[in-house]
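Reviewing the structure listed below.
Any read-out appearing in this document is the output of simple, stated calculations on the displayed coordinates, not a laboratory observation. No experiment lies behind these values; they were computed from the predicted model shown. All Cβ positions, even for glycine, are placed from backbone atoms using ideal geometry, and neighbour counts span all protein chains on display.
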Amino acid sequence: MVIYHLHDRFYKKILSFKEIFIDLVTNFLEINISDIVNLDKTELVNREYILPVLKKLESDIVYKAGIEQHILVHIENQSKKSKTMPLRIFSYMAEIWNDYISQNNDIELLPPIVSIVLYNGVGKWDTELEFQKSVVNIQALEKYVPRFKYLLVDVNEIKRSKLEEHKTFLSAVFMLEQILPLSNFKLIIKALYDLSEYLVGINKDLFKSFITWIAKKLENYYGKGEKHLKKIQAHIEEYIDDYVEDLAKDIKGVKKMISQTENCFAESILKEIEEAKRELEQKRKEAEQKRKEAEQKRKEAEQKRKEETKEYILLYLENISYSITKEEKSKIESNNNIEELQRLFKGLLKEKDLKKIKNLLN
């Protein structure tokens, strides 16, 4: 499956961990799915659901939960509001059921699908949750219109007290979501230290995705874009193996991890500053070189114009049979003022009287 935004890829990554998925569906929904089915046998359904009508829109995560009586849980991450979400959910449900039928030919009844929209964008989610409310209401046809409701997790609407109560990795992610748009590097590092106990036992790959996600979130603050982000990712790869064993131990190990992360970011920023200085100096040198080359060309062009003007003056005097003296010729040849030479040439062209021409030359 191709995910079109790194942010979506991060949520797809973390929700692929069973314990994080279970945390989401038991602690952050208006219903507790663990009260309905046994989540011990939760299974990630590794399928692609690319909607033919909606082209580039893809389903993020699908889980099969339960043992004998099971349900399918579909999670859709949204960083932007979407008025067509009820239709998209309806389309995904059809695709997921079709896929389920192709894998289970002998079924009599389809398993229920619980669809979850995980929204972390700007502003409160204001799209209808119930499909039938997105369709024109004709009372006589009400019972013929599909009726379902998707569940919403609006990250920015979750109360901080609830996140502090759970103290899980997902809680830490949601808390950072709430402060990241207003933060810079120093504030994020402080927040990480404050959330140390939430990160105890974090998986190595999960941590790398977590830090990359933060770097991406801070991209506007750095002003360096994807180039800078890739350098931070490379730096993380270099140092994470040196202390990854500390991650599963205790808060002390987690704080060491955060300290290493802080050093990584700081060093990356310093490297970027030095590189920016080198690039700026190189551009300055190149600009200076271009300026010198342009100045040289200008001087050469001006000198050429001077020589040509002198030649035109002498040739004109020869054509009108003017007997030029050595002093007059020397004066013309030694004159390097292009404006004076041009004025002289124009003056000679206007005069027919040889005495006046001689006055012009002297």
A chain fully extended from LYS355 to LEU109 at 0.36 nm per residue, minus the present Cα-Cα distance, gains in nm 76.7 nm
In nm, the gap between the two label points placed 7 Å beyond Cα toward Cβ at TYR316 and GLU339 is 1.9
Normalised Cα Rg of the range 101-197, dividing by 2.2 N^0.38 Å with N its residue count, works out at 1.60
Residue by residue through the range 282-299, the couplings from Karplus 6.51 cos²θ - 1.76 cosθ + 1.60 with θ = phi - 60°, in Hz, x for Gly and Pro, are 5, 5, 4, 5, 5, 5, 5, 5, 5, 4, 5, 5, 5, 5, 5, 5, 5, 5
Contour minus Cα-Cα span, ASN137 to THR84, at 0.36 nm per residue, comes to 17.4 nm
Residue by residue through the range 314-323, the couplings from Karplus 6.51 cos²θ - 1.76 cosθ + 1.60 with θ = phi - 60°, in Hz, x for Gly and Pro, are 5, 5, 5, 4, 5, 5, 8, 6, 8, 7
Label model pair ILE101, LYS329: point-to-point distance (7 angstrom along the Cα→beta-carbon line) in nm is 10.6
Row for the range 267-362, column shape: gyration tensor on C-alpha, a ≥ b ≥ c, rounded if a/c < 1.5 i.e. under 1.5, prolate if a/b over b/c, else oblate; value prolate
Note on the range 79-121: alpha-carbon gyration tensor, axes a ≥ b ≥ c; rule is a/c under 1.5 for rounded, else prolate if a/b larger than b/c, else oblate; result prolate
Simple SL model, points at 7 angstrom along Cα→Cβ for GLU30 and LYS186; separation in nm is 4.3
So LYS167 and LYS304, fully extended at 0.36 nm per residue minus their Cα-Cα distance, gain in nm 41.3 nm
